[in-house]
Amino acid sequence: MSAPAKTSAPLAVLGGSPAFASDLHVGKPNLGDRRRLLARVNDIIDRRWFTNNGPCVQELERRIAELLGVKHCIAMCNATVALEIVTRAVGMGAEVIVPSFTFVATAHALQWQEITPVFCDVDPRTHTIDPAQIERLITPRTTGIIGVHLWGKGCDVEAIGEIARKHRLKVIYDAAHAFGCTHRGQMIGSFGDAEVFSFHATKFFNTAEGGCVTTNDTRIATKISLMRNFGFAGYDNVIHLGTNGKMDEFSAAVGLTNLESLEEFMAANRRNYERYAAGLAGVPGLRLYDFDPRERFNFQYVVVEVEPAGAGLTRDELVDVLHTEHVLARKYFFPGCHRMEPYRSYFPHAGLLLPQTDRLTQRVMVLPTGTAVDEEMIDRICGVVRAAIERSGEVREALELRRVQSATG
Ligand SMILES: *Cc1c(COP(=O)(O)O)cnc(C)c1O
(Lines give C-alpha, C1' and ligand atoms only; values in the text may rest on other atoms or scores of the structure.)
Protein backbone atom coordinates (compact mmCIF):
# COMPACT_ATOMS: atom_id res chain seq x y z
CA MET A 1 0.00 0.00 0.00
CA SER A 2 1.36 3.41 -0.97
CA ALA A 3 1.60 6.14 1.61
CA PRO A 4 -1.15 8.71 1.40
CA ALA A 5 -0.22 11.63 -0.83
CA LYS A 6 0.38 14.73 1.24
CA THR A 7 -0.12 17.21 -1.59
CA SER A 8 -2.81 19.85 -1.44
CA ALA A 9 -5.67 19.98 -3.92
CA PRO A 10 -6.54 22.96 -6.16
CA LEU A 11 -10.04 23.51 -4.57
CA ALA A 12 -13.16 24.17 -6.65
CA VAL A 13 -14.22 26.98 -4.35
CA LEU A 14 -11.09 28.89 -5.44
CA GLY A 15 -11.70 28.28 -9.14
CA GLY A 16 -10.21 24.79 -9.61
CA SER A 17 -12.16 21.85 -10.97
CA PRO A 18 -14.01 19.65 -8.46
CA ALA A 19 -12.13 16.70 -6.97
CA PHE A 20 -14.98 14.38 -8.04
CA ALA A 21 -17.00 14.47 -11.26
CA SER A 22 -20.16 13.15 -9.59
CA ASP A 23 -21.60 13.19 -6.08
CA LEU A 24 -19.90 10.99 -3.52
CA HIS A 25 -22.39 10.03 -0.80
CA VAL A 26 -21.58 9.20 2.81
CA GLY A 27 -23.37 5.86 2.75
CA LYS A 28 -23.71 3.97 -0.51
CA PRO A 29 -25.35 0.64 0.39
CA ASN A 30 -23.09 -2.34 1.00
CA LEU A 31 -24.13 -5.35 -1.05
CA GLY A 32 -22.79 -8.90 -0.95
CA ASP A 33 -22.72 -11.43 -3.79
CA ARG A 34 -25.33 -10.46 -6.39
CA ARG A 35 -25.73 -14.01 -7.75
CA ARG A 36 -26.39 -15.43 -4.29
CA LEU A 37 -29.01 -12.75 -3.77
CA LEU A 38 -30.72 -13.44 -7.10
CA ALA A 39 -30.78 -17.18 -6.35
CA ARG A 40 -32.51 -16.46 -3.04
CA VAL A 41 -34.99 -14.13 -4.73
CA ASN A 42 -35.74 -16.85 -7.29
CA ASP A 43 -36.45 -19.30 -4.45
CA ILE A 44 -38.79 -16.80 -2.81
CA ILE A 45 -40.68 -16.36 -6.07
CA ASP A 46 -40.94 -20.14 -6.51
CA ARG A 47 -42.25 -20.55 -2.95
CA ARG A 48 -44.76 -17.70 -3.28
CA TRP A 49 -44.14 -17.05 0.42
CA PHE A 50 -43.41 -13.33 0.50
CA THR A 51 -43.97 -12.39 4.13
CA ASN A 52 -45.38 -13.53 7.51
CA ASN A 53 -42.39 -15.20 9.11
CA GLY A 54 -41.09 -16.92 5.98
CA PRO A 55 -38.02 -19.17 5.79
CA CYS A 56 -35.59 -16.36 4.91
CA VAL A 57 -36.73 -14.26 7.88
CA GLN A 58 -36.44 -17.26 10.20
CA GLU A 59 -32.97 -18.10 8.92
CA LEU A 60 -31.86 -14.48 9.26
CA GLU A 61 -33.10 -14.34 12.86
CA ARG A 62 -31.28 -17.57 13.69
CA ARG A 63 -28.02 -16.40 12.15
CA ILE A 64 -28.09 -12.98 13.79
CA ALA A 65 -28.87 -14.43 17.23
CA GLU A 66 -25.94 -16.80 16.77
CA LEU A 67 -23.57 -14.09 15.57
CA LEU A 68 -24.45 -11.72 18.42
CA GLY A 69 -24.62 -14.44 21.06
CA VAL A 70 -28.14 -13.51 22.13
CA LYS A 71 -31.12 -15.75 22.83
CA HIS A 72 -33.73 -13.99 20.71
CA CYS A 73 -33.62 -11.98 17.49
CA ILE A 74 -36.92 -10.68 16.13
CA ALA A 75 -36.67 -9.24 12.61
CA MET A 76 -38.60 -6.04 11.96
CA CYS A 77 -39.65 -3.79 9.08
CA ASN A 78 -37.36 -1.01 10.37
CA ALA A 79 -35.71 0.20 13.57
CA THR A 80 -38.19 3.01 14.22
CA VAL A 81 -41.19 0.69 14.45
CA ALA A 82 -38.98 -1.73 16.40
CA LEU A 83 -38.24 1.02 18.95
CA GLU A 84 -41.94 1.84 19.24
CA ILE A 85 -42.80 -1.80 19.83
CA VAL A 86 -39.98 -2.44 22.32
CA THR A 87 -40.70 0.61 24.47
CA ARG A 88 -44.27 -0.70 24.81
CA ALA A 89 -43.21 -4.29 25.35
CA VAL A 90 -40.92 -3.39 28.26
CA GLY A 91 -43.54 -1.06 29.74
CA MET A 92 -42.04 2.39 29.18
CA GLY A 93 -44.38 5.38 29.40
CA ALA A 94 -44.66 8.97 30.71
CA GLU A 95 -40.98 10.07 30.51
CA VAL A 96 -37.94 8.36 29.06
CA ILE A 97 -34.39 9.73 29.23
CA VAL A 98 -32.66 9.75 25.85
CA PRO A 99 -29.75 11.60 24.24
CA SER A 100 -30.52 14.48 21.88
CA PHE A 101 -27.35 13.76 19.89
CA THR A 102 -28.86 10.96 17.81
CA PHE A 103 -30.89 10.40 14.66
CA VAL A 104 -34.33 11.90 15.25
CA ALA A 105 -36.04 8.48 15.09
CA THR A 106 -34.87 7.68 18.64
CA ALA A 107 -36.90 10.61 20.00
CA HIS A 108 -39.77 10.25 17.52
CA ALA A 109 -40.36 6.61 18.49
CA LEU A 110 -41.18 7.87 21.99
CA GLN A 111 -43.12 11.00 21.08
CA TRP A 112 -45.19 9.03 18.54
CA GLN A 113 -46.61 7.16 21.53
CA GLU A 114 -46.94 10.33 23.60
CA ILE A 115 -44.04 9.31 25.78
CA THR A 116 -41.98 12.42 26.62
CA PRO A 117 -38.33 12.20 25.58
CA VAL A 118 -36.24 13.89 28.27
CA PHE A 119 -33.02 14.90 26.55
CA CYS A 120 -29.73 14.07 28.20
CA ASP A 121 -26.29 15.39 27.32
CA VAL A 122 -23.50 13.20 25.96
CA ASP A 123 -19.90 12.57 26.91
CA PRO A 124 -17.72 14.91 24.80
CA ARG A 125 -15.21 12.16 24.05
CA THR A 126 -17.40 9.11 23.36
CA HIS A 127 -20.47 11.02 22.08
CA THR A 128 -22.71 8.57 23.97
CA ILE A 129 -25.19 9.39 26.75
CA ASP A 130 -23.37 10.70 29.84
CA PRO A 131 -24.37 8.59 32.88
CA ALA A 132 -23.34 11.43 35.20
CA GLN A 133 -26.12 13.56 33.68
CA ILE A 134 -28.87 10.92 33.79
CA GLU A 135 -29.72 10.94 37.48
CA ARG A 136 -30.50 14.65 37.65
CA LEU A 137 -33.15 14.15 34.94
CA ILE A 138 -35.01 11.42 36.83
CA THR A 139 -38.47 12.45 38.06
CA PRO A 140 -41.36 10.42 39.54
CA ARG A 141 -42.61 10.04 35.95
CA THR A 142 -39.38 8.53 34.58
CA THR A 143 -39.88 4.96 33.35
CA GLY A 144 -36.72 4.23 31.44
CA ILE A 145 -33.55 5.13 29.60
CA ILE A 146 -32.72 4.68 25.93
CA GLY A 147 -28.99 4.76 25.28
CA VAL A 148 -27.66 5.07 21.73
CA HIS A 149 -24.44 3.25 20.78
CA LEU A 150 -23.47 6.16 18.57
CA TRP A 151 -21.03 5.42 15.71
CA GLY A 152 -20.97 1.82 16.98
CA LYS A 153 -19.36 2.77 20.29
CA GLY A 154 -21.06 0.98 23.17
CA CYS A 155 -22.67 3.18 25.85
CA ASP A 156 -21.40 2.96 29.41
CA VAL A 157 -23.82 0.07 29.98
CA GLU A 158 -22.39 -0.70 33.42
CA ALA A 159 -23.10 2.77 34.84
CA ILE A 160 -26.46 2.98 33.09
CA GLY A 161 -27.44 -0.46 34.43
CA GLU A 162 -26.50 0.64 37.93
CA ILE A 163 -28.69 3.77 37.73
CA ALA A 164 -31.56 1.73 36.27
CA ARG A 165 -31.42 -0.83 39.08
CA LYS A 166 -31.33 1.88 41.72
CA HIS A 167 -34.36 3.69 40.29
CA ARG A 168 -36.17 0.64 38.85
CA LEU A 169 -36.01 1.87 35.28
CA LYS A 170 -36.18 -0.06 32.02
CA VAL A 171 -33.22 0.19 29.66
CA ILE A 172 -33.26 -0.12 25.89
CA TYR A 173 -30.33 0.48 23.57
CA ASP A 174 -30.68 1.97 20.13
CA ALA A 175 -27.97 -0.09 18.44
CA ALA A 176 -28.78 1.17 14.93
CA HIS A 177 -25.08 1.94 14.35
CA ALA A 178 -23.58 -0.97 16.23
CA PHE A 179 -24.11 -4.17 14.28
CA GLY A 180 -21.03 -6.36 14.67
CA CYS A 181 -19.43 -4.14 17.32
CA THR A 182 -18.32 -5.15 20.80
CA HIS A 183 -18.39 -3.48 24.20
CA ARG A 184 -15.77 -4.75 26.66
CA GLY A 185 -15.26 -7.70 24.37
CA GLN A 186 -18.93 -8.67 24.26
CA MET A 187 -21.01 -8.38 21.10
CA ILE A 188 -23.58 -5.61 21.32
CA GLY A 189 -27.08 -7.14 21.34
CA SER A 190 -27.43 -8.49 24.88
CA PHE A 191 -27.34 -5.27 26.89
CA GLY A 192 -30.26 -3.70 28.76
CA ASP A 193 -33.77 -5.15 28.53
CA ALA A 194 -33.50 -5.21 24.74
CA GLU A 195 -31.49 -3.71 21.89
CA VAL A 196 -32.70 -2.41 18.54
CA PHE A 197 -30.71 -2.58 15.30
CA SER A 198 -31.44 -0.80 12.04
CA PHE A 199 -30.83 -2.54 8.73
CA HIS A 200 -31.60 0.55 6.67
CA ALA A 201 -29.71 0.77 3.36
CA THR A 202 -27.23 3.29 4.79
CA LYS A 203 -26.27 1.15 7.76
CA PHE A 204 -23.27 -1.16 7.98
CA PHE A 205 -25.42 -4.24 7.55
CA ASN A 206 -28.57 -3.65 5.52
CA THR A 207 -31.71 -5.38 4.29
CA ALA A 208 -32.75 -2.30 2.20
CA GLU A 209 -35.32 -1.43 4.90
CA GLY A 210 -35.35 -3.46 8.07
CA GLY A 211 -34.16 -3.92 11.60
CA CYS A 212 -34.41 -6.26 14.55
CA VAL A 213 -34.79 -6.48 18.28
CA THR A 214 -32.45 -8.67 20.31
CA THR A 215 -32.95 -9.73 23.90
CA ASN A 216 -32.20 -12.52 26.34
CA ASP A 217 -35.59 -12.03 28.01
CA THR A 218 -38.01 -14.64 26.65
CA ARG A 219 -41.08 -12.83 28.00
CA ILE A 220 -40.15 -9.63 26.18
CA ALA A 221 -39.30 -11.58 23.01
CA THR A 222 -42.70 -13.32 23.01
CA LYS A 223 -44.53 -10.05 23.52
CA ILE A 224 -42.59 -8.37 20.71
CA SER A 225 -43.28 -11.27 18.32
CA LEU A 226 -47.01 -10.86 18.99
CA MET A 227 -46.96 -7.07 18.70
CA ARG A 228 -45.05 -7.27 15.42
CA ASN A 229 -47.93 -9.23 13.83
CA PHE A 230 -51.17 -7.54 15.02
CA GLY A 231 -51.17 -9.66 18.19
CA PHE A 232 -51.89 -12.90 16.29
CA ALA A 233 -51.03 -16.05 18.23
CA GLY A 234 -52.36 -18.25 15.42
CA TYR A 235 -55.12 -18.18 12.80
CA ASP A 236 -58.08 -16.10 14.00
CA ASN A 237 -56.56 -15.77 17.47
CA VAL A 238 -55.61 -12.23 18.47
CA ILE A 239 -54.39 -12.15 22.06
CA HIS A 240 -52.60 -8.80 22.25
CA LEU A 241 -52.63 -5.25 20.89
CA GLY A 242 -50.29 -5.14 17.93
CA THR A 243 -49.19 -3.37 14.80
CA ASN A 244 -47.43 -4.43 11.60
CA GLY A 245 -43.69 -4.58 12.15
CA LYS A 246 -42.89 -7.61 10.00
CA MET A 247 -39.86 -8.00 7.76
CA ASP A 248 -40.59 -9.41 4.29
CA GLU A 249 -38.73 -12.25 2.59
CA PHE A 250 -37.01 -10.12 -0.04
CA SER A 251 -35.45 -7.93 2.63
CA ALA A 252 -34.39 -11.01 4.56
CA ALA A 253 -32.76 -12.38 1.38
CA VAL A 254 -30.71 -9.19 1.08
CA GLY A 255 -29.79 -9.64 4.74
CA LEU A 256 -28.72 -13.28 4.41
CA THR A 257 -26.58 -12.35 1.42
CA ASN A 258 -24.98 -9.38 3.17
CA LEU A 259 -24.26 -11.43 6.30
CA GLU A 260 -21.98 -13.59 4.16
CA SER A 261 -19.89 -10.52 3.27
CA LEU A 262 -19.82 -8.87 6.67
CA GLU A 263 -16.08 -9.38 7.21
CA GLU A 264 -15.39 -7.89 3.79
CA PHE A 265 -17.47 -4.77 4.55
CA MET A 266 -15.73 -4.42 7.87
CA ALA A 267 -12.27 -4.76 6.34
CA ALA A 268 -13.07 -2.14 3.66
CA ASN A 269 -14.36 0.29 6.29
CA ARG A 270 -11.37 -0.30 8.51
CA ARG A 271 -8.92 0.22 5.67
CA ASN A 272 -10.76 3.45 4.77
CA TYR A 273 -10.75 4.64 8.36
CA GLU A 274 -7.01 4.08 8.65
CA ARG A 275 -6.42 5.91 5.38
CA TYR A 276 -8.37 8.90 6.68
CA ALA A 277 -6.42 8.75 9.94
CA ALA A 278 -3.14 8.89 8.00
CA GLY A 279 -4.36 11.54 5.57
CA LEU A 280 -5.73 13.86 8.26
CA ALA A 281 -2.94 13.36 10.81
CA GLY A 282 -1.47 16.64 11.97
CA VAL A 283 -4.10 18.84 10.29
CA PRO A 284 -4.77 21.66 12.77
CA GLY A 285 -8.25 21.87 14.31
CA LEU A 286 -9.37 18.38 13.29
CA ARG A 287 -10.03 15.43 15.55
CA LEU A 288 -10.88 12.09 14.01
CA TYR A 289 -13.19 10.12 16.32
CA ASP A 290 -11.09 7.22 17.54
CA PHE A 291 -12.04 3.65 18.30
CA ASP A 292 -10.61 1.52 21.10
CA PRO A 293 -8.30 -0.99 19.36
CA ARG A 294 -9.28 -3.69 21.88
CA GLU A 295 -12.87 -3.67 20.61
CA ARG A 296 -14.41 -4.80 17.35
CA PHE A 297 -15.96 -1.98 15.33
CA ASN A 298 -17.71 -1.76 11.99
CA PHE A 299 -16.08 1.63 11.19
CA GLN A 300 -19.22 2.62 9.29
CA TYR A 301 -18.85 6.26 10.36
CA VAL A 302 -15.78 8.38 9.75
CA VAL A 303 -16.50 11.15 12.23
CA VAL A 304 -14.44 14.32 12.32
CA GLU A 305 -14.75 17.15 14.84
CA VAL A 306 -13.81 20.56 13.47
CA GLU A 307 -12.47 23.02 16.03
CA PRO A 308 -12.88 26.39 14.26
CA ALA A 309 -10.14 28.25 16.15
CA GLY A 310 -7.57 25.65 15.13
CA ALA A 311 -8.82 24.93 11.60
CA GLY A 312 -9.52 28.54 10.60
CA LEU A 313 -12.84 27.29 9.21
CA THR A 314 -16.06 26.21 10.85
CA ARG A 315 -17.50 22.76 10.29
CA ASP A 316 -20.20 24.33 8.12
CA GLU A 317 -17.60 26.06 5.97
CA LEU A 318 -15.58 22.88 5.58
CA VAL A 319 -18.74 20.96 4.62
CA ASP A 320 -19.54 23.69 2.04
CA VAL A 321 -16.04 23.32 0.59
CA LEU A 322 -16.44 19.54 0.37
CA HIS A 323 -19.83 19.88 -1.30
CA THR A 324 -18.33 22.07 -4.04
CA GLU A 325 -15.94 19.14 -4.64
CA HIS A 326 -18.98 16.77 -4.87
CA VAL A 327 -18.01 15.16 -1.57
CA LEU A 328 -21.34 15.07 0.29
CA ALA A 329 -20.01 15.18 3.86
CA ARG A 330 -22.87 15.25 6.39
CA LYS A 331 -23.54 17.21 9.58
CA TYR A 332 -24.70 14.34 11.78
CA PHE A 333 -26.76 14.92 13.97
CA PHE A 334 -27.40 18.54 13.28
CA PRO A 335 -29.05 20.48 14.87
CA GLY A 336 -29.79 17.92 17.61
CA CYS A 337 -33.25 16.49 18.34
CA HIS A 338 -34.00 19.23 20.88
CA ARG A 339 -33.69 21.83 18.11
CA MET A 340 -36.09 20.02 15.78
CA GLU A 341 -39.88 20.05 15.80
CA PRO A 342 -41.89 19.25 17.77
CA TYR A 343 -39.27 19.19 20.52
CA ARG A 344 -37.98 22.74 20.15
CA SER A 345 -41.54 24.05 20.65
CA TYR A 346 -42.25 21.70 23.54
CA PHE A 347 -38.92 22.28 25.32
CA PRO A 348 -37.51 25.64 24.17
CA HIS A 349 -34.93 25.68 26.98
CA ALA A 350 -33.67 22.10 26.59
CA GLY A 351 -30.35 23.40 25.25
CA LEU A 352 -29.44 24.79 28.68
CA LEU A 353 -28.74 21.25 29.87
CA LEU A 354 -27.12 20.11 26.64
CA PRO A 355 -23.85 22.04 26.24
CA GLN A 356 -21.87 19.09 24.84
CA THR A 357 -24.65 18.22 22.40
CA ASP A 358 -24.81 21.83 21.18
CA ARG A 359 -21.04 21.86 20.80
CA LEU A 360 -20.88 18.58 18.88
CA THR A 361 -23.80 19.37 16.55
CA GLN A 362 -21.80 22.46 15.47
CA ARG A 363 -18.53 20.58 15.03
CA VAL A 364 -19.10 17.07 13.77
CA MET A 365 -19.01 16.03 10.14
CA VAL A 366 -19.17 12.53 8.70
CA LEU A 367 -17.09 11.62 5.64
CA PRO A 368 -17.80 9.03 2.91
CA THR A 369 -16.75 5.44 3.43
CA GLY A 370 -17.95 1.92 2.64
CA THR A 371 -17.14 -0.56 -0.09
CA ALA A 372 -17.80 2.06 -2.80
CA VAL A 373 -14.93 4.25 -1.54
CA ASP A 374 -11.26 3.41 -2.07
CA GLU A 375 -7.96 4.75 -0.76
CA GLU A 376 -7.27 6.91 -3.78
CA MET A 377 -10.61 8.67 -3.29
CA ILE A 378 -9.84 9.17 0.38
CA ASP A 379 -6.47 10.71 -0.49
CA ARG A 380 -8.33 13.17 -2.72
CA ILE A 381 -10.81 14.01 0.05
CA CYS A 382 -8.02 14.48 2.59
CA GLY A 383 -6.17 16.64 0.05
CA VAL A 384 -9.21 18.91 -0.21
CA VAL A 385 -9.55 19.16 3.57
CA ARG A 386 -5.86 19.93 4.04
CA ALA A 387 -5.83 22.52 1.27
CA ALA A 388 -8.96 24.21 2.62
CA ILE A 389 -7.44 24.53 6.08
CA GLU A 390 -4.05 25.66 4.74
CA ARG A 391 -5.76 28.37 2.71
CA SER A 392 -8.56 29.07 5.18
CA GLY A 393 -8.44 32.86 4.74
CA GLU A 394 -8.95 32.71 0.98
CA VAL A 395 -11.52 29.95 1.33
CA ARG A 396 -13.55 31.98 3.82
CA GLU A 397 -13.61 34.97 1.47
CA ALA A 398 -14.61 32.83 -1.51
CA LEU A 399 -17.44 31.20 0.47
CA GLU A 400 -18.64 34.59 1.66
CA LEU A 401 -18.68 35.85 -1.94
CA ARG A 402 -20.72 32.82 -3.02
CA ARG A 403 -23.21 33.44 -0.24
CA VAL A 404 -23.64 37.08 -1.30
CA GLN A 405 -23.97 36.08 -4.94
CA SER A 406 -26.55 33.40 -4.30
CA ALA A 407 -28.52 35.79 -2.04
CA THR A 408 -28.62 38.48 -4.71
CA GLY A 409 -29.33 35.99 -7.51
C1 LIG B 1 -31.00 4.81 11.26
C2 LIG B 1 -31.29 5.04 12.67
C3 LIG B 1 -32.55 4.79 13.23
C4 LIG B 1 -33.75 4.44 12.40
O5 LIG B 1 -33.62 3.29 11.69
P6 LIG B 1 -34.69 2.90 10.56
O7 LIG B 1 -34.41 1.45 10.33
O8 LIG B 1 -34.40 3.75 9.37
O9 LIG B 1 -36.06 3.14 11.10
C10 LIG B 1 -32.71 4.95 14.59
N11 LIG B 1 -31.69 5.36 15.37
C12 LIG B 1 -30.48 5.64 14.87
C13 LIG B 1 -29.40 6.07 15.81
C14 LIG B 1 -30.25 5.52 13.50
O15 LIG B 1 -29.04 5.85 13.01
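The values are calculated or read from the model by the stated rules, or taken from the named source; none is laboratory data. Please read these numbers as outputs of a predicted model, since none were measured by experiment. All Cβ positions, even for glycine, are placed from backbone atoms using ideal geometry, and neighbour counts span all protein chains on display.
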Members of the range 346-374 found to be within 16 Å of Val26 (Cα to Cα) and either buried (at least 19 other Cβ atoms within 10 Å of the Cβ) or hydrophobic (A, V, I, L, M, F, W, C) (or both), listed by number: Val364, Met365, Val366, Leu367, Pro368, Thr369, Gly370, Ala372, Val373
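Could you grab me the full set of residues in the range 210-267 that are without any contact (Cβ under 8 Å) to a residue 12 or more places away in the chain and closer than 18 Å to Arg63 by Cβ?
Result: Glu263, single match.
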Please count how many residues of the range 252-267 are of a type in the set (Gly, Ala, Ser), within 14 Å of Ile64 (Cα to Cα) and not in a loop (DSSP other than H, G, I, E, B). 3
For the range 12-61, enumerate the residues that are closer than 19 Å to Leu367 by Cα and surrounded by 13 or more Cβ atoms within 10 Å (Cβ to Cβ). Ala12, Val13, Pro18, Ala19, Phe20, Leu24, His25, Val26, Gly27, Lys28, Pro29, Asn30
Could you check, for the range 196-211, whether at least one of its residues is more than 16 Å from the ligand (Cβ to nearest atom), closer than 26 Å to Ser251 by Cα and in a strand (DSSP E or B)? no
Test set (1) more than 15 Å from the ligand (Cβ to nearest atom); (2) surrounded by 24 or more Cβ atoms within 10 Å (Cβ to Cβ); (3) under 18 Å from Tyr343 (Cβ atoms) - Ile115 fails condition number: (2)
Those residues of the range 273-284 that are part of a loop (DSSP other than H, G, I, E, B) and surrounded by fewer than 18 Cβ atoms within 10 Å (Cβ to Cβ) come to a total of 3
Could you tell me whether any residue of the range 265-285 is in the same structural domain as Arg386 (by TED's automatic domain parsing), among the acidic types (Asp, Glu) and modelled with pLDDT of 95 or more? yes
Pull out all pairs, ordered by first then second residue, where Cβ-Cβ is under 6 Å, the residues are six or more apart or on different chains, the first lies in the range 71-91 and is more than 14 Å from the ligand (Cβ to nearest atom), and the second is among the basic types (Lys, Arg). Ala89/Lys223; Val90/Lys170
Flag if Lys153 is touching a strand residue (DSSP E or B) at 6+ places or on another chain (Cβ under 9 Å) and of a type in the set (Lys, Arg): yes
Output the number of residues of the range 92-112 satisfying the condition of being surrounded by fewer than 24 Cβ atoms within 10 Å (Cβ to Cβ), within 16 Å of the ligand (Cβ to nearest atom) and not hydrophobic (A, V, I, L, M, F, W, C). 2
So, in the range 121-143, how many residues would count as being within 16 Å of the ligand (Cβ to nearest atom) and either at positive phi or without any contact (Cβ under 8 Å) to a residue 24 or more places away in the chain (or both)? 1
For Arg270, work out the one condition from (1) under 23 Å from Arg47 (Cα atoms); (2) part of a helix (DSSP H, G or I) it doesn't fulfil. (1)
Tell me yes or no: at least one residue of the range 180-193 is under 16 Å from Leu67 (Cα atoms), within 11 Å of the ligand (Cβ to nearest atom) and crowded, with 24+ Cβ neighbours inside 10 Å. no
